[in-house]
Each structure stands twice: as structure tokens, then as C-alpha cells.
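The next block holds one structure in the form of C-alpha cells; read it before the comments.
The values are calculated or read from the model by the stated rules, or taken from the named source; none is laboratory data. Keep in mind it's a predicted model, so treat the numbers as computed, not measured. Note that we place each Cβ from the backbone using ideal geometry, even for glycine, and neighbour counts take in every protein chain shown.
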Amino acid sequence: MTLKQKQALLAYLGFYDGPLDGLWGEKSQRATIDFQRAYMAQEDVDGIFGAATEKRILEVIATGEKPKESVQIDTAPGWWKDIRYFTRAEFKCKCGGQFCDGYPAEMQEAVVKIADAAREHFGRPALVISGLRCKQWNAHEKGHENSQHMYGEAVDLCIEGVPAETLRQFVASQPGHRYSYCINSTNVHFDIPKIGR
């Protein structure tokens, strides 16, 4: 299924109101999240239009199924409404539910704002390589035993077509930045000062 077809299905159900252009941006992702919240289990709400979401949306269209009467209330802190390019789900722990529910802590606003500013500045799709980590997943990833990822104070990010050093220089110029380094040629780690620890 092409990206344009995915947009068309989301538009058919009233979740997407942007152009059917095959460019997967903020509107397409938010439409995906809204669909998932209305028709899928809470643990499946991740903003990714993968195989499970594709299967589910085709079922909904084929059967005319109505959305859930009550969609679980989003527990995200209020400042997320000001984040333009990312969703809370993009930063959840990648242990896949093995050790936690995806949110062993909350992301800190300052570090997410740096990621959002980078996405705005470069104008290209961005991918959160690592946001939150529970203690067990941090150990699996061979992170420092007191990694700031466990407290929502660090992000590993890449931006399509942007060399790591170029991205690193940008994030280093942002308010709230504490430390950053290139993980490889495309991925950058950055963090903010420790908060109350």
C-alpha cells in the first residue's frame, strides 16, 4: 500500500484533511494516531501506519464499524500541544512492552523542544532513534547505568539527508542544550541538564 493510499483511507474515514500527495508529514501521522485511538488498543497507538494499522483500517472500512464510544484520555503533559512535529508515542521506550508500558518516565519538555526545532530548521522527516528507556532496556542497549534516557532528558535523533555533525551543531546551538555527540554518520545524541537529581 502506498503512502498516498494510506492518506486516502484515513481521509475516507474523516481522520485526514490534507492533500493526497504521498508526503507523510505531521498531518498524516496525527491522523494515524487518531485512527488508532478510535479503533485499536491503547498499546497499539504509536503513530506508525504499519501492517497492523493497515489491516485494521481495511476491516473498519469493509464492515462500517463505529469508533469506540470512549477513547482513552491522553495522559500526556499539556506542553505536548505546542510540539509541532513529534508525538509523545515516538519517544516511548523501545522495549516493546517486555519490561515497561513504554513510559517509565515522562520526556522533559526542553529536550523535546530541541528535537522539534531541529525538525523545523531542516524541513525534513526526523526519526527518534531512542527517547525514553526503562532500566532493563537501557542495560540491553548498553547505556550508562545512570543514562539520561531513563529520565526523559536525552534523545538520539536522525534527520533524513542531514549529516550527523550538521545536526549536532544545530542542536548544540539551542537553548537548554547540555551535551551532544555524533553516534555515527547520521544519528546524534543530545541531552539537557539533569532535572532535580
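Quick check on residue 110: is it over 23 Å from residue 48 (Cβ atoms) and outside any loop (DSSP other than H, G, I, E, B)? Break it down stepwise before answering.
Working: over 23 Å from residue 48 (Cβ atoms): yes; outside any loop (DSSP other than H, G, I, E, B): yes.
Judged against the criteria, residue 110 is a match.
Evaluating residue 4 against the criteria (1) closer than 27 Å to residue 96 by Cβ; (2) part of a helix (DSSP H, G or I) leaves one unmet condition, (1).
Just one residue in the set 124, 178, 133 is outside the structural domain of residue 46 (by TED's automatic domain parsing), of a type outside the set (Val, Ile, Thr) and over 18 Å from the mean Cα position of the chain (by Cα); that residue is 178.
For the structure I just gave you, tell me whether residue 133 is at pLDDT 95 or above, basic (Lys, Arg) and surrounded by fewer than 20 Cβ atoms within 10 Å (Cβ to Cβ). Answer is no for this residue. Residue-level check: of (1) in a loop (DSSP other than H, G, I, E, B); (2) farther than 20 Å from residue 159 by Cβ; (3) modelled with pLDDT of 85 or more; (4) within 20 Å of the chain's Cα centre (by Cα), residue 21 misses just (4).
From 143, 97, 176, 102, grab the single residue that is small (Gly, Ala, Ser), part of a loop (DSSP other than H, G, I, E, B) and free of Cβ contacts under 8 Å to residues at least 12 places away in the same chain.
Numbers: 97 fails: free of Cβ contacts under 8 Å to residues at least 12 places away in the same chain; 176 fails: free of Cβ contacts under 8 Å to residues at least 12 places away in the same chain; 102 fails: free of Cβ contacts under 8 Å to residues at least 12 places away in the same chain.
One residue alone meets the criteria, 143.
Looking at 94, 68, can you tell me which residue is out of contact with any Cys (no Cβ under 8 Å at 6 or more places or on another chain) and assigned by TED's automatic domain parsing to the domain that holds residue 125? Give the steps one after another, and end with the answer.
On the way: 68 fails: assigned by TED's automatic domain parsing to the domain that holds residue 125.
It is 94.
crowded, with 17+ Cβ neighbours inside 10 Å, under 15 Å from residue 26 (Cβ atoms) and among the hydrophobic types (A, V, I, L, M, F, W, C), is that true of residue 117? Even if it seems obvious, please write down each step before you answer.
Working: crowded, with 17+ Cβ neighbours inside 10 Å: yes; under 15 Å from residue 26 (Cβ atoms): yes; among the hydrophobic types (A, V, I, L, M, F, W, C): yes.
So residue 117 fits the description; yes.
Taking the stated definitions as given, is residue 66 of a type outside the set (Val, Ile, Thr) and at pLDDT below 90? For residue 66, the condition - of a type outside the set (Val, Ile, Thr) and at pLDDT below 90 - is met.
Return the residues of region 24-69 that are small (Gly, Ala, Ser), assigned to a helix (DSSP H, G or I) and either without any contact (Cβ under 8 Å) to a residue 12 or more places away in the chain or surrounded by fewer than 16 Cβ atoms within 10 Å (Cβ to Cβ) (or both); say none if nothing qualifies. Outline the logic, then answer.
Quick first cut of region 24-69, residues small (Gly, Ala, Ser) only: 25, 28, 31, 38, 41, 47, 50-52, 62, 64.
From the residues that got through so far, the ones that are assigned to a helix (DSSP H, G or I) too are 28, 31, 38, 51-52, 62.
Correct list: 51, 52, 62.
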